[in-house]
Amino acid sequence: MYDTGQKTVSLSRRFGEAGRPCVLIVMGVSGCGKSTLAQLMAERMAWPLIEGDDLHPPANIARMSNGIPLTDTDRTPWLDLIAGRIQSWRDAGQCGIVTCSSLKRSYRRQIGSDSADVCFVYLKGSREDIMPRLYQRTGHFMPVAMLDSQFATLEEPDMHEEVVMVLDVNAPQEHLAERACAHLTQFSL
Ligand SMILES: Nc1ncnc2c1ncn2[C@@H]1O[C@H](COP(=O)(O)OP(=O)(O)OP(=O)(O)O)[C@@H](O)[C@H]1O
Ligand SMILES: O=C(O)[C@H](O)[C@@H](O)[C@H](O)[C@H](O)CO
């Protein structure tokens, strides 16, 4: 299964209650395909896109580039920036898509998981699924060796409360975008 019908139900529940535009956050470990999916979805939905990585302070990029995993302290100002951008969209009733690894539950709360109009899409995959694509990827600051620290930090989201869709990283990217957008458009977003 590329996504679970169960998440569709939770999506309708959330939008049925909220009835408001939604900010969608594509989450998962480095290399799971967040930017790829988000760019395809932003094009299809004509929604603005924020790449969370663009909001990292230079010191964070330097740490990761040198193979040093970020700490909670490192991520706090970064997540605050992302939360601020999301809040601006929410205040304006603007839909949009954000890529953010959102590895821990506390990070997801910090950027809006408790809000009915902020929804997470989780790109779920194993180390074996993701590692090969990191070796093939070029021109990115993140060393392949950092993938293990990403999984070590990851707190899998609650499939009932935190995410509206769980997508299989092994599905073709166009398929994922098509299915994710279909879920959203059926709720007239
Ligand atoms: N569904 C997919 N199937 C196969 N390869 C994919 C898929 N989605 C993305 N990729 C490839 O995997 C690599 C990582 O994708 P991408 O950069 O979108 O991941 P990411 O989660 O944004 O990574 P990071 O968080 O490190 O920026 C890229 O080379 C991309 O082309
Ligand atoms: O939370 C983190 O450790 C970082 O945000 C990383 O996940 C980067 O954002 C990106 O994924 C690296 O390419």
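The values are calculated or read from the model by the stated rules, or taken from the named source; none is laboratory data. Being a predicted model, the structure only gives us computed values, none of them experimental. Glycine gets a Cβ as well: all are built from the backbone with ideal geometry, and neighbour counts include every protein chain shown. Side chains are part of the model used for accessible areas, which takes the heavy atoms of the whole protein and leaves out ligands, DNA and RNA. Shrake-Rupley method; radii C 1.70, N 1.55, O 1.52, S 1.80 Å.
Taking amide hydrogens as modeled 1.01 Å from N in the peptide plane, which residues meet the under 5 Å criterion relative to Leu167, leaving out close sequence neighbours?
Long-range HN contacts for Leu167: Tyr122, Leu123, Lys124.
Between Met159 and Glu43, how high is the FRET efficiency from 1/(1 + (r/R0)^6) when r is the Cβ-Cβ distance and R₀ = 25 Å? Nearest 0.05.
Numbers: r = 28 Å, r/R0 = 1.11.
Efficiency at R0 = 25 Å is approximately 0.35.
Can you give me the Cα centroid spacing of the range 30-61 and the range 118-158 in angstrom?
14
In whole Hz and in residue order, list the ³J(HN,Hα) couplings for the range 44-49 that follow from phi through the Karplus curve 6.51 cos²θ - 1.76 cosθ + 1.60, θ = phi - 60°; x for Gly and Pro.
My calculation for the range 44-49 gives 5, 8, 6, 9, x, 10 Hz in order.
Taking the Cα centre of the range 9-185 as origin and charging only Cβ (+1 Lys, Arg; -1 Asp, Glu), how large is the dipole, in debye to the nearest 20?
100
Give the relative contact order (percent, whole number) for the range 9-185; include only Cα pairs under 8 Å separated by 6+ residues.
It rounds to 37 percent for the range 9-185.
Per 0.36 nm of contour for each residue apart, how much would the distance between Glu128 and Gln173 grow if the chain were fully extended, relative to their Cα-Cα spacing?
Contour length minus Cα-Cα distance gives 14.4 nm.
Keeping all protein chains in place, calculate the accessible area per residue for the range 9-185 (probe 1.4 angstrom), answer in Å².
Accessible area per residue, the range 9-185: 44 Å².
Once Rh for the range 60-189 is found with the Kirkwood sum over Cα pairs, what is the Stokes-Einstein diffusion coefficient at 4 °C and 1.567 mPa s, in µm²/s?
80
Pop out the ³J(HN,Hα) list for the range 165-178 in order, Karplus 6.51 cos²θ - 1.76 cosθ + 1.60 with θ = phi - 60°, rounded to Hz; leave Gly and Pro as x.
So the Karplus estimates, Gly and Pro as x, are 8, 10, 10, 7, 4, 7, 6, x, 4, 5, 5, 4, 5, 4 Hz.
Quick one: putting +1 on the C-beta of Lys and Arg, -1 on the C-beta of Asp and Glu, what dipole do you get for the range 115-189 around its Cα centre, in Debye to the nearest 20?
Roughly 360 debye, rounded to the nearest 20.
Once phi is turned into ³J(HN,Hα) by the Karplus curve 6.51 cos²θ - 1.76 cosθ + 1.60 with θ = phi - 60°, what whole-Hz value does each residue of the range 98-105 show in order, with x for glycine and proline?
Karplus values, whole Hz, x for Gly and Pro: 10, 9, 7, 4, 6, 5, 9, 4.
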